[in-house]
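Heads up, the thing below is written out as structure tokens.
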Amino acid sequence: MAASAPSKPTACLALADGTVFYGTGFGATGDTVAELCFNTAMTGYQEIMTDPSYAGQIVTFTFPHIGNTGVTPEDDETGDPVAAGMVVKWDPTLASNWRATEELKSWLTRTGRIAIGGIDTRRLTRAIRQQGAPHVALAHDPDGNFDVEALVAKARDWPGLVGLDLAKDVSCAQSYRWDEMRWAWPDGYARQEAPAHKVVAIDYGAKRNILRCLASAGCDVTVLPATATAEEVLAHNPDGVFLSNGPGDPAATGEYAVPMIKDVLKTELPVFGICLGHQMLALALGANTIKMNHGHHGANHPVKEHSTGKVEITSMNHGFAVDAQTLPEGVEETHVSLFDGSNCGIRISGRPVYSVQHHPEASPGPQDSFYLFERFAEAMAARKSA
């Protein structure tokens, strides 16, 4: 019997330098343009795809077993996927998990996200590490017809994330209250019925699990849009202010976020920031941010806290970083990455104002850093009892 002809590729990933990868497409059809990054987490592909911090990015998953736990609305970090696309080594496996309500493939199709499988993700990851996060075009056509030159041109013409404010695109349109706590067996998500502290959370692209962690730490959370003014924040008479994660260039978002934060800092309120919120606080204090070569994306990043010497394994997702060399007098570096020495945390000396680059809420990832939410709650309690 004659050997069957090889199947025709149904997806194409074109890099701006002209490199082209062919594979099997799934999810939505069409094409999209974004920055390509990689994530080393072994779990949580749904949480990663729905993390608003991935706006403007296509995610390459280095772990090959993608799809095996399916998807469930309980694990969404926001309403729909925000990452522009997905790159995986193998065709997604069928779901085998009691919590799954849908297959990964159908979920991506329904939510309009393009994906490609059958890719040498080790080679692709090595290229990203060596050359930096490239601009790419990802196309899926069941008939396998691709205009490669046009796709490469689209990748080259895409302006990139530098100078791009994406927080406005993923932020809430109006304020809302949040009282759902972290998931726990066997009841799932319980409600915070006896909060001790009023917190205003600024939504630059907040993950739901961050809000759950605030609620679990005893907070009554009011979420405000990214463009909220200091007057709007303080009108809620909060005990503390939280600055959330989010996508894009922090310098661009800082055009409207920094003046608000500076005014809030004139009060004695505790302030806590994560990821983009960390970068917003640093900019408000006079430091600078820089674009990283390929960023940090994964759930296995070691971070050292200077004051204790403790090393935490953390979840990270950022392509920009605070330049520790530009921190002004009175602002301390509290955490540092043990991968590359980049800044992972700051605080104002003698004040309950601090932030971290990593994600203490994990989702996905380890829970080594949850103490930071408890520290925030303790700072609010101390201020009220003073």
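Would a scan of the range 184-191 turn up a residue that is touching a strand residue (DSSP E or B) at 6+ places or on another chain (Cβ under 8 Å), in contact (Cβ under 8 Å) with a residue 12 or more places away in the chain and within 24 Å of GLN357 (Cα to Cα)?
So the first thing to find is which residues in the range 184-191 are touching a strand residue (DSSP E or B) at 6+ places or on another chain (Cβ under 8 Å), and the list is 184, 189-191.
Then drop every residue that is not in contact (Cβ under 8 Å) with a residue 12 or more places away in the chain, which leaves 189, 191.
Subsequent filtering for residues that are within 24 Å of GLN357 (Cα to Cα) retains none.
Among the residues of the range 184-191, not one is touching a strand residue (DSSP E or B) at 6+ places or on another chain (Cβ under 8 Å), in contact (Cβ under 8 Å) with a residue 12 or more places away in the chain and within 24 Å of GLN357 (Cα to Cα), which makes the answer no.
Residue by residue, here is whether (1) more than 30 Å from GLU193 (Cβ to Cβ); (2) in contact (Cβ under 8 Å) with a residue 60 or more places away in the chain holds:
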| position | (1), (2) |
| --- | --- |
| LEU234 | no, no |
| PRO259 | yes, no |
| ALA282 | yes, yes |
| GLY295 | yes, yes |
Determine the pairs where a residue that is more than 18 Å from PHE26 (Cβ to Cβ), located within the range 60-86, has a partner that is aromatic (Phe, Trp, Tyr) and open to solvent by 40 Å² or more (accessible area, probe 1.4 Å) with Cβ atoms under 8 Å apart, the partner being 6 or more residues away or on another chain.
-> GLU74/TRP183; GLU74/TYR189
With respect to THR253, is the statement that it is assigned to a helix (DSSP H, G or I), crowded, with 16+ Cβ neighbours inside 10 Å and touching an Asp or Glu at 6+ places or on another chain (Cβ under 8 Å) true?
-> yes
Go through the range 122-179 residue by residue and tally those that are free of Cβ contacts under 8 Å to residues at least 24 places away in the same chain and among the aliphatic types (A, V, I, L, M).
-> 2
Among the residues of the range 266-274, is there at least one that is touching a Ser or Thr at 6+ places or on another chain (Cβ under 8 Å), in contact (Cβ under 8 Å) with a residue 12 or more places away in the chain, open to solvent by 10 Å² or more (accessible area, probe 1.4 Å) and farther than 21 Å from VAL170 by Cα?
-> no
Pick out, from the range 1-104, the strands (runs of 3 or more DSSP E) lying fully within it that include 3 or more residues that are farther than 25 Å from GLN130 by Cα.
-> 20-27
Test ALA11 against the stated conditions and say whether it is among the aliphatic types (A, V, I, L, M), over 24 Å from LEU161 (Cα atoms) and either touching a residue at least 12 places away in the same chain (Cβ under 8 Å) or open to solvent by 50 Å² or more (accessible area, probe 1.4 Å) (or both).
-> yes
Turns out the strands (runs of 3 or more DSSP E) fully within the range 327-385 with at least 2 residues that are open to solvent by 30 Å² or more (accessible area, probe 1.4 Å) and of a type in the set (Asp, Glu) are 331-337
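The values are calculated or read from the model by the stated rules, or taken from the named source; none is laboratory data. Since we're looking at a predicted model, the values are computed, not measured. All Cβ positions, even for glycine, are placed from backbone atoms using ideal geometry, and neighbour counts span all protein chains on display. All accessible areas refer to the heavy atoms of the entire protein, side chains included, with ligands and DNA or RNA removed. Shrake-Rupley method; radii C 1.70, N 1.55, O 1.52, S 1.80 Å.
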